[in-house]
Amino acid sequence: MAALALVTSLAACGGGGSGSAVISDDAKVDTTNGLVVDGEVIADQTTYDAAKKQTLTLYTSYQEANQKAFNAAFTADTGIKVEFVRDVTNKLSERVRSEAGAGKLAADVIITSDFAVADDFNKEGIWEPYTAAPVKGQDDLLLDGGAFTKFANVAVTFAFNTQQVPKESAPTSWKDLLKPEYAGKIGITTGTAGGSSIALNRFIQEKVDPDYWTKMAALRPKIFDSGGERQQALARGELAVATAGTAAVNVAVVKDQAPIDYVVPKEGLVLFSFFIGKSATAKNTEAAKVFLNYALSKRGQKVITQVGDYSVRADVDPPVAVGRKLPALGSDQVWVMPAEGEVEHGKADAAIWKAAFGR
């Protein structure tokens, strides 16, 4: 397997500004007795003193631009630097298992979008159970006895290039993407790539049309291995429409002024979870604990909503993306993929996708 380079998150050290235009506010950071962010204890003095001397190594399948924005806020608020490896879930899990099998797993913290992968990591001893202090007792967020935790609820929808498609004639439903006018101008990712694919496949089967992918295949969409490649093609005008994450669109518009916009379809947005946990072989243990505590703190979850994804905490408002507040959880415009449903339906739904596209 080709080696992946470590990417250093670009962020200023020290409390205060987030270091990212996507994050619109500053946290209130108090380091007089450990680390307290916006009134929430993130680390005691001993843990924080050790963590500040460490650089966290993160393996993640979270969208690269989104992860950079989150890491930038974390570093600005805590002073702890992050280096990360990012790849699609399937490839990243292969790397994790390969390194773990050789006794050389470099990750301190791992983020994955596939519940089955996270569950297998637990069975294989890759996780070391750790419950982030801000969510102790919230059993709905703690999985496999606390071996790993929900990190973010990511919204999948579709987007359009505003230079190719006037806003007044943009598609408003998933079924609109099947119009002949979009033939050869649609971008999607492979239907076997991870949590986003699993969730979208199930949503299509339950809420849209069981024959949807067969009908889509007839329009000769362009299929990408990663969401980043798909979105770049959309922003360049090589595509008219494409499946997309609200957060990825938000980051691209805010930071790069990309000529794209997302849609809240009539049938709804698709939500699936990313999962986070501490590696059993973490070398930077204190930095890992601080990262996990921060990620599940109210500040960390607000950073996720400012990026454009949904919080996993009930006490954090829905996200704002491209200046628009997204529908609340529980509304009929948000369809949520149960984590366990990934195991129940994932393989069968992927087989339907493969049959439609012949790959």
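The values are calculated or read from the model by the stated rules, or taken from the named source; none is laboratory data. Please read these numbers as outputs of a predicted model, since none were measured by experiment. Cβ sites come from the backbone with ideal geometry, for glycine too, and all protein chains shown count toward neighbours. What goes into the accessible areas is simple: the full protein's heavy atoms, side chains included, and nothing from ligands, DNA or RNA. Shrake-Rupley method; radii C 1.70, N 1.55, O 1.52, S 1.80 Å.
Could you pull out every residue, at least 5 positions away or on a different chain, whose amide H is within less than 5 Å of the one on Asp261? Hs are placed 1.01 Å off N in the peptide plane, and Pro or chain starts have none.
The list, which skips near neighbours in sequence, is Phe160, Thr162.
With no solvent and one equal point scatterer placed on each C-alpha of segment 67-129, evaluate the Debye formula and give log10 I(q)/I(0) for q = 0.17, 0.19, 0.21, 0.29 Å⁻¹, two decimals.
For segment 67-129 at q = 0.17, 0.19, 0.21, 0.29 Å⁻¹, log10 I(q)/I(0) is -0.66, -0.79, -0.91, -1.27.
Take the alpha carbon atoms of segment 297-359, find their center, do the same for segment 93-124, and report the distance between the two centers in whole angstrom.
22
For the chain, give the share of DSSP beta bridges that are antiparallel, in percent and rounded to the nearest 5; count only bridges with both residues there.
Expressed as a percentage, antiparallel bridges in the chain total about 65.
Each residue of segment 280-297 in turn: what ³J(HN,Hα) in whole Hz from Karplus with 6.51, -1.76, 1.60 and θ = phi - 60°, glycine and Pro shown as x?
These are the phi-based 3J(HN,Hα) values: 5, 10, 4, 8, 9, 4, 5, 5, 5, 5, 5, 4, 5, 4, 5, 4, 9, 6 Hz.
Hey, what did the chain get for relative contact order, percent, Cα under 8 Å, at least 6 apart?
Numbers: 755 pairs, mean separation 83.5, N = 359.
Computed over the chain, the figure is 23 percent.
Tell me what the chain gives for mean residue ellipticity at 222 nm when only DSSP H runs of n ≥ 4 count, each as -39,500 (n - 2.57), the sum divided by the residue total, rounded to 500 deg cm²/dmol.
-10000 deg cm²/dmol
Rg and Dmax in Å for segment 203-269, alpha carbons only: what are they?
13.1, 37
Between 0 and 90 degrees, rounded to the nearest ten: what's the tilt of helix 89-101 against the longest Cα principal axis of the chain?
The helix 89-101 is inclined about 40 degrees to the chain.
Name the shape class, rounded, prolate or oblate, that the alpha-carbon gyration tensor gives for segment 227-304, where a ≥ b ≥ c are the square roots of its eigenvalues, rounded holds for a/c under 1.5, and otherwise prolate holds if a/b is larger than b/c and oblate otherwise.
Working: a/c = 2.52, a/b = 2.13, b/c = 1.18.
Prolate, because a/c is 1.5 or more and a/b exceeds b/c.
Could you work out how far helix 298-307 tilts from the main Cα principal axis of the chain, as a 0 to 90 degree angle to the nearest 10?
The answer is roughly 30 degrees.
Can you give me the relative contact order of segment 158-246 as a percent, contacts being Cα pairs under 8 Å and 6 or more apart? Don't skip to the end; give the middle numbers.
Working: 109 pairs, mean separation 43.0, N = 89.
For segment 158-246, the relative contact order is 48 percent.
Helix 246-256: angle to the longest alpha-carbon principal axis of the chain, degrees 0 to 90, nearest 10?
Its long axis makes an angle of about 80 degrees.
Please list 3J(HN,Hα) in residue order for segment 157-165, calculated via the Karplus relation 6.51 cos²θ - 1.76 cosθ + 1.60 where θ = phi - 60°; whole Hz, with x for glycine and proline.
8, 10, 10, 9, 7, 6, 8, 9, 10
Per the 1.4 Å probe, what fraction of the accessible area of the chain, in percent, lies on carbon and sulfur atoms? It would help to have the intermediate numbers written out before the result.
Working: 6960 of 14460 Å².
The nonpolar share, carbon plus sulfur, comes to 48 percent.
On a straight-distance basis, which lysines could pair with Lys167 in a cross-link, Cα separation under 28 angstrom, same-chain partners fewer than 8 positions away excluded?
List returned: Lys175, Lys179, Lys185, Lys207, Lys215, Lys222, Lys255, Lys266, Lys325.
Taking the solvent-accessible surface of protein heavy atoms with a 1.4 Å probe, what is the per residue accessible area of the chain in Å²?
On a per-residue basis, 40 Å².
Could you work out the relative contact order of segment 282-359? I mean the mean sequence separation of Cα pairs under 8 Å and 6+ apart, divided by the number of residues, in percent. List each step's numbers first, then the result.
Values: 49 pairs, mean separation 10.6, N = 78.
Averaging sequence separation for qualifying contacts and normalising by length gives 14 percent for segment 282-359.
Can you list residues from other chains, or at least 5 along the same chain, whose modelled amide H is less than 5 Å from the amide H of Phe151?
So Phe151 has HN proximity to Phe274, Phe275, Ile276.
Out of the trypsin sites (Lys or Arg not before Pro) in segment 75-134, which ones are loop residues according to DSSP with at most 10 other C-beta atoms within 10 Å?
Values: sites: Lys81, Arg86, Lys91, Arg95, Arg97, Lys104, Lys123; in loops: Lys104.
Those that pass, being in a loop and sparsely packed, are Lys104.
Kindly write out, for segment 166-179 in residue order, the coupling ³J(HN,Hα) from the Karplus curve 6.51 cos²θ - 1.76 cosθ + 1.60 (θ = phi - 60°), rounded to whole Hz, with x marking Gly and Pro.
Residue by residue, segment 166-179 yields x, 4, 5, 10, 5, x, 10, 9, 4, 5, 4, 5, 8, 5 Hz.
Of the peptides 300-308, 255-263, how do they stack up when ordered by the mean number of other Cβ atoms within 10 Å, highest first?
300-308, 255-263
Where a Cα-Cα gap under 19 Å defines reach, which aspartates and glutamates qualify for Lys354, not counting those fewer than 8 residues away within the same chain?
Filter leaves Asp114, Glu206, Asp209, Asp211, Asp225, Glu342, Glu344.
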